[in-house]
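Since every read-out is calculated from the coordinates, none of them should be taken as a lab result. A quick note: this is a predicted structure, and the numbers were derived from the prediction, not measured. All Cβ positions, glycine included, derive from the backbone under ideal geometry; neighbour counts span all protein chains shown.
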Amino acid sequence: MITAVGPVLTLRHPEPRDAAALFRHASDPLISRWFSWRYESEEDPKRWIASRPAAREAGEWLEWVVEHPEHGVVGMTGLSEPNLRDRRTVMGSWLGQAVWGTGVNVESKALLTRMAFEHCGFERVGAYASIENPRSQRALEKLGWQREGTLRAYHRHGDLARDVHLYSLLRDEWADGPLAQIEARVEGAPPAAFAAG
Ligand SMILES: CC(C)(COP(=O)(O)OP(=O)(O)OC[C@H]1O[C@@H](n2cnc3c(N)ncnc32)[C@H](O)[C@@H]1OP(=O)(O)O)[C@@H](O)C(=O)NCCC(=O)NCCS
């Protein structure tokens, strides 16, 4: 278990009590439009939450809910594709529309990258953004992620194959950038599959 607390937000692993909030925010078609999953009922996030401990141990995903002191759980962020030898991973996230443009994106990425670089020991945090999702591209670029190129037909959504831009943020860039300026208190340690250094 590894958690991070910032000036406003807490990032903690999902728990069964989070299902209602995750469903409320992520059943918005504007959120799931960019993902291969879709929530039809609260049973979907319940099943997903129950499967997370095994996913963490297997090195599939290490995920946190983004918890706001007034609004409760407002989204998710996490790491996947860990490669311990090359010390790299990939991040992904979604936030409910209610908190878009409020700074939650910035602080949640600060907490996530603090854990990834300083506590998991990664040297590179990659990200994918659909070529049709300029908001997500800008949300990464303004925080220091560099666009490296375009991966063709990379994410399948049913019969549709989407091209994505590939981004990366390296440890030194992070340390010199805006995200490392945001205070974070981290407790616990990552599972072995996400411990790179
Ligand atoms: C991606 C996401 C987490 C970003 O959070 P956010 O709160 O919207 O991000 P921010 O407000 O910090 O940054 C978005 C930036 O994009 C800009 N923007 C918004 N619409 C835009 C558009 N059509 N074209 C270009 N830039 C745009 C905003 O002005 C802002 O930049 P600024 O702070 O310089 O003004 C959130 O929008 C989200 O969950 N989207 C749906 C799921 C998703 O796309 N996840 C990522 C999958 S790759």
How long, wide and thick is the stretch 19-64, going by the Cα atoms along their three principal axes, in whole angstroms, largest first? 30, 20, 15
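Applying a 10 Å radius around every beta-carbon, put 115-128, 52-65 in order of their mean neighbour count, most first.
In decreasing order of mean packing, 115-128, 52-65 become 115-128, 52-65.
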Karplus-derived 3J(HN,Hα), 6.51/-1.76/1.60, for each residue of the stretch 85-93, Hz, glycine and proline x: 4, 8, 6, 10, 8, 10, 9, x, 6
Do the sum for the chain: with -39,500 (n - 2.57) for every DSSP H run of n ≥ 4, divided by all residues, what is the mean residue ellipticity at 222 nm, to the nearest 500 deg cm²/dmol? -7500 deg cm²/dmol
Taking the highest mean first, how do the peptides 179-190, 4-15 order by number of other beta carbon atoms within 10 angstrom per residue? 4-15, 179-190
In whole angstrom, the spacing between the Cα centers of the stretch 154-197 and the stretch 28-95 equals 13 Å
Mind listing the phi-derived Karplus ³J(HN,Hα) values for the stretch 68-75, rounded to whole Hz, using 6.51, -1.76 and 1.60 with θ = phi - 60°, and x for any glycine or proline? 9, x, 9, 8, x, 6, 10, x
In order over the stretch 118-125: 3J(HN,Hα) from phi, Karplus 6.51/-1.76/1.60, θ = phi - 60°, whole Hz, x for each Gly or Pro, gives 8, 10, 8, x, 6, 10, 8, 10
Quick note, the stretch 42-90: a/c under 1.5 would make it rounded; otherwise a/b > b/c is prolate and the rest oblate (a ≥ b ≥ c, C-alpha gyration tensor); here it is oblate
What is the spread of the Cα atoms of the chain along each of their three principal axes, largest first, in whole Å? 41, 37, 34
Only Cα pairs under 8 Å and at least 6 apart count here; give the relative contact order of the chain as a rounded whole percent. 25 percent
I'd like to compare 153-161, 82-90: which one has the highest average count of other Cβ atoms within 10 Å, and what's the full order after that? 82-90, 153-161
Under a 5 Å amide H to amide H cut-off, with H placed in plane at 1.01 Å, what residues pair with R88 once short-range neighbours are removed? N83, E123
